[in-house]
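Asker: Handing you this structure, nothing more for now.
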Amino acid sequence: MYLTSDPLELATLVGQVQSASRGAIACFLGTVRDHNGGRAVLQLDYSAYEPMAEAECARIQVEAERRWECAVALQHRTGTVRVGEAAVVVAAASAHRDEAFAACRFVIEEIKRRVPIWKREVFVDGTMEWVEGGSPGQMGSGLEGQQNSGTAGKLDGESSDLITGKSDATRA
Amino acid sequence: MLPSAPTSTLTVRVLLFASYAELLGRDAIELELEAPATVGDVLDHLRSLTRAEALPTRPMCAVNLVQAATDDLLAQGDEVAILPPLSGG
């Protein structure tokens, strides 16, 4: 399952992709930031069109593993995610770091672009707002992309990013 | 015996998410449409239930889990999802 309401464990995903022949593992965690647009954020509430989100995550994994010689694992939270917790985790392992970083970057960008997941910001003052209006998404191929809606749209409404790279000293 | 005449209507299940579910006050609607019907006909019906300008001209839609265009034809029993701008990650 690519979607889960349980806390995400980076070590679990790393364990799924590491092997003796892969000397580089690039990881990405998107964590919930305590502020957005100058307002104090309490938590994010994620909802998803789950069967389609699962299918889209599977396609992204396959695409990354075909494009680079790598193994990829990804998971996204649903439900309430509190400040500091990870909302999304990606791990990409390859023989060398260039492929691992490239695959990891590809996967997080495609998740944001294609996977039907939505988040609502819950602010410390008790108000809530759906986050909309990121870059237009286009799933699959050759089909029309979405249009940005003006309702409660915010361009900077994203979880904060934390990139970590881990390389095997003997290979990378 | 003659085959029965083709039915002139079809029923689809419409799924709404996030801000669109809030806008319409529900997350699923059964719609009976006159055949032939398209994704656009579903959108027209939704617009009649709310402020027409609240839905974009061409929101992202999916039929049976695959992204669909406004003029795609619908079949009996299809699941039509209307997707607000994505904000995963």
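The values are calculated or read from the model by the stated rules, or taken from the named source; none is laboratory data. Computed from a predicted structure; not experimentally measured. When we count neighbours, we look across all protein chains shown, and the Cβ atoms used for this are built from the backbone with ideal geometry, even at glycine.
Asker: Identify, please: which residue in the stretch B:12-27 is surrounded by 22 or more Cβ atoms within 10 Å (Cβ to Cβ) and facing another protein chain (nearest Cβ under 8 Å) and is, among those, nearest to A:Ile117 (Cα to Cα)?
Answerer: B:Ala18
Asker: For the condition within 14 Å of chain B (Cβ to nearest Cβ), part of a loop (DSSP other than H, G, I, E, B) and modelled with pLDDT of 95 or more, what is the one hit in A:Arg22, A:Arg33, A:Arg59? Walk me through it before giving the result.
Answerer: Values: A:Arg22 fails: within 14 Å of chain B (Cβ to nearest Cβ); A:Arg59 fails: part of a loop (DSSP other than H, G, I, E, B).
That would be A:Arg33, the only listed residue that is within 14 Å of chain B (Cβ to nearest Cβ), part of a loop (DSSP other than H, G, I, E, B) and modelled with pLDDT of 95 or more.
Asker: Of the conditions (1) in contact with a helix residue (DSSP H, G or I) (Cβ under 8 Å, 6 or more places away or on another chain); (2) among the acidic types (Asp, Glu); (3) within 30 Å of A:Val107 (Cα to Cα), B:Glu79 fails just one. Which one is it?
Answerer: The one condition B:Glu79 does not meet is (1).
Asker: Now for a separate question. Answer yes or no as to whether B:Gly88 is among the small types (Gly, Ala, Ser) and surrounded by fewer than 21 Cβ atoms within 10 Å (Cβ to Cβ).
Answerer: Details: among the small types (Gly, Ala, Ser): yes; surrounded by fewer than 21 Cβ atoms within 10 Å (Cβ to Cβ): no.
In short, no.
Asker: Given the condition closer than 29 Å to B:Cys61 by Cβ, touching a His at 6+ places or on another chain (Cβ under 8 Å), within 14 Å of chain B (Cβ to nearest Cβ) and in a helix (DSSP H, G or I), answer yes or no: does some residue in the stretch A:104-119 qualify? Talk me through it step by step, then tell me what you get.
Answerer: Taking the stretch A:104-119 and keeping what is closer than 29 Å to B:Cys61 by Cβ, we get A:105-119.
Keeping just the survivors that are touching a His at 6+ places or on another chain (Cβ under 8 Å) gives A:111, A:115, A:117.
This time we only want the ones that are within 14 Å of chain B (Cβ to nearest Cβ), so: A:111, A:115, A:117.
Okay, now just the ones that are also in a helix (DSSP H, G or I), so A:111.
Within the stretch A:104-119 (the criterion being closer than 29 Å to B:Cys61 by Cβ, touching a His at 6+ places or on another chain (Cβ under 8 Å), within 14 Å of chain B (Cβ to nearest Cβ) and in a helix (DSSP H, G or I)), the answer is yes, since at least one residue qualifies.
Asker: So for the stretch A:40-48 (the condition being under 23 Å from A:Phe101 (Cα atoms) and within 13 Å of the chain's Cα centre (by Cα)), does at least one residue qualify?
Answerer: no
Asker: Provide a single number: the residues in the stretch B:68-89 that are under 30 Å from A:Val88 (Cα atoms) and either touching a residue at least 40 places away in the same chain (Cβ under 8 Å) or more than 12 Å from the chain's Cα centre (by Cα) (or both).
Answerer: 11
Asker: Something else about it: Return the pairs, sorted by first residue and then second, in which the second residue is part of a helix (DSSP H, G or I) and charged (D, E, K, R), the first residue lies in the stretch A:46-66 and is in contact (Cβ under 8 Å) with a residue 24 or more places away in the chain, the beta carbons are less than 6 Å apart, and the residues are 6+ apart or on different chains.
Answerer: A:Glu56/A:Arg114; A:Ile60/A:Glu110
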